1. Select from the stretch 447-483 the residues that are within 19 Å of Q147 (Cα to Cα) and without any contact (Cβ under 8 Å) to a residue 12 or more places away in the chain and list them in ascending order.
2. Out of the residues in the stretch 130-163 that are buried (at least 20 other Cβ atoms within 10 Å of the Cβ), more than 21 Å from H286 (Cβ to Cβ) and touching a His at 6+ places or on another chain (Cβ under 7 Å), which is modelled with the highest pLDDT?
3. Which pairs have Cβ atoms under 7 Å, sit 6 or more apart or on different chains, and link a residue in the stretch 42-59 that is of a type in the set (D, E) to one that is outside any helix (DSSP H, G or I) and at pLDDT 90 or above?
4. Scan the stretch 257-279 for residues that are in contact with a helix residue (DSSP H, G or I) (Cβ under 7 Å, 6 or more places away or on another chain) and assigned to a helix (DSSP H, G or I) and jot them down.
5. Restricting attention to the stretch 212-238, which residues are surrounded by fewer than 21 Cβ atoms within 10 Å (Cβ to Cβ) and either of a type in the set (D, E) or within 16 Å of K175 (Cα to Cα) (or both)?
6. With the condition kept exactly as written, say whether any residue in the stretch 25-36 is at pLDDT below 80 and surrounded by 19 or more Cβ atoms within 10 Å (Cβ to Cβ).
7. Need pairs with beta-carbon distance below 8 Å; first residue in a loop (DSSP other than H, G, I, E, B) and within the stretch 95-120, second of a type in the set (D, E) and surrounded by fewer than 21 Cβ atoms within 10 Å (Cβ to Cβ); sequence gap 6+ or separate chains.
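The values are calculated or read from the model by the stated rules, or taken from the named source; none is laboratory data. Just so we're clear, the structure is a prediction, and the values are computed from it rather than from any experiment. Virtual Cβ from ideal backbone geometry, glycine too; neighbours counted across all protein chains shown.
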Amino acid sequence: MIIATDHITFNYNEHIPTTGPTIEPTIEPDKVDVLVRANQLQAEVEQFAQHLADVYEGYFQEFPKNMHVSLYHDMLSEVENLENDIHSKDPSSAHRISSSNLPYLHAVWNTAKSSKNIVKLRHPVFSGPFKHRILAPGLRVKDIISQGASEPKRNQDGRSTRIDVICDGGLSWHKVSTITNRRLLFDMAKEAVYCGDSDDSDSTDDATHHFSDVPLVKLATSLKTIAQGHQIRNSSPTPGLVLPRIFEGEHVEIDKLLKFCRDMGVNVVSGNAMPPPLLLSKNLLHQMVPSPKRNITAELNIDTSVLVALTSDISHLRVAKQPWFGQSQKDHVDLETSEPLTPQLCSILDHRTLVCTREAAKSLARIVHTMGTATENARAHLLLTPDDSITREQRVENFCALSIHGENIPSCLQLPIRVVNLATNSNEDGCQPRLNVPDWEKLEILAQPGRSVFSSGWSKGLTTITCNVLAVKQLEKRLEELPSLDVSNWPSIWAFSSSRPLVGVPKGSNEQRVRKHIGDCRVACVCGLGAFHES
């Protein structure tokens, strides 16, 4: 017995797929086919989930890693019900199998496989009413997915619509419907829809009158209204209806109805236009969800929060909690135990050229000068202070010696970090002004030195590396207020999920006032950080 699916031909006399349960030979062939397709769907979605875990490892929020969860849970429920019904002797089980929701889930998944840069699958969005446009989920700051402000609260479930595939970085929404030509004709007949072949100028108004109460048109109208109530990178998403079981060219009335939906601004894809289901592969997975690290620049702009994390004893040693630690320090010690930050930082810094603004370097010098331990001062010196007496390799070796994560610190790490003046009102260091006055005004929400760090990296087209998630969220909201900002000109930022403060010294202690840089610099600074600390 040979059963053919969309992708694979199975000979069930020789082989049973290992992704699902063993199928008893007494099961009818059509039921075997349904179960094989269901198991194949489950296997592909699980492969997609593993891809998400791989490409978003170390990403600063869980939102994109879980983009498949709603689809996955719905699919598991349907597969479980299907397996129970297939092995059931209940006469009504055949009806439950035929009315399974799996064809819809297959349609959603096939739509996803034909999409690029997916943000979310089966995601609820607020359906209004809208006082003003709200932030839609998608990519704003380059390669950073934002959940936006769209997801309804628990008490607003009745005011939400589920979008099946949000893709193109959030610029495209797809809603899937498995309605058939026959069902659509029935709905049109129920509403007494009849469109003649008149070319009169009033025909459009007549079409609006006739079509407005058809459920599919209501869905398209609602989808358009909801999309217009959202914004992503200063634009509203383009709404789309995917209709895999509607075929154009068979009924004039259906063709006119679909044209009516398209004319209102909804992208309608019928079964005629849909490509055959694609084979899942590594290349296809990377088209569906590219790695967010793919566009990180070869030269990185390092902000103060990353400099502090690279300097901190908490990031490099097994720090015991002290009685004088504040709650924040205790929390960071616990977090470091479960999620060491230094390997994450080094995986991005690796072989790239590293620069930081003079403001960021001065900020680190001031913090270390005030409260750094001896080892924190030593790391700050290795990170920033030029010293021709040691080579880069020796500097990295010394830095590794101050860390329990030495084996995770790449030997090609570019130390010292080059301190540059990336002032955007000059051409120093090859920096060309790229931002206009409104751009700068939106950056004023950020405190210094973050403002100068982010603006400098943006103006030069560098990826800014930060542990300051709050600043990133503030920035993306403010940039949405710039309608003239080109989609391709948004800043490139890589944010880590957490930061690490310095261990420091007890507040008010003499040690805090005496410790200066490396050793005792009360008379003369010998570590070089003083050059950055000077006002």
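1. Across the stretch 447-483, the qualifying residue is only L470.
2. This residue is I163.
3. The qualifying pairs are E44/L280.
4. L257, F260, C261, listed by residue number.
5. Correct list: D213, P215, K218, L219, T221, S222, K224, T225, Q228, S236, T238.
6. For the stretch 25-36, residues at pLDDT below 80 and surrounded by 19 or more Cβ atoms within 10 Å (Cβ to Cβ): present.
7. Final answer for the pair search is S100/E78; N101/D74; N101/E78; S115/D168; K116/D168; N117/D168.
Results for (1) out of contact with any Cys (no Cβ under 8 Å at 6 or more places or on another chain); (2) over 30 Å from A378 (Cβ atoms); (3) assigned by TED's automatic domain parsing to the domain that holds L185, shown as yes or no for each residue.
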| position | (1), (2), (3) |
| --- | --- |
| P244 | yes, yes, yes |
| F247 | yes, yes, yes |
| L258 | yes, yes, yes |
| K282 | yes, yes, no |
| L317 | yes, no, no |
| K330 | yes, no, no |
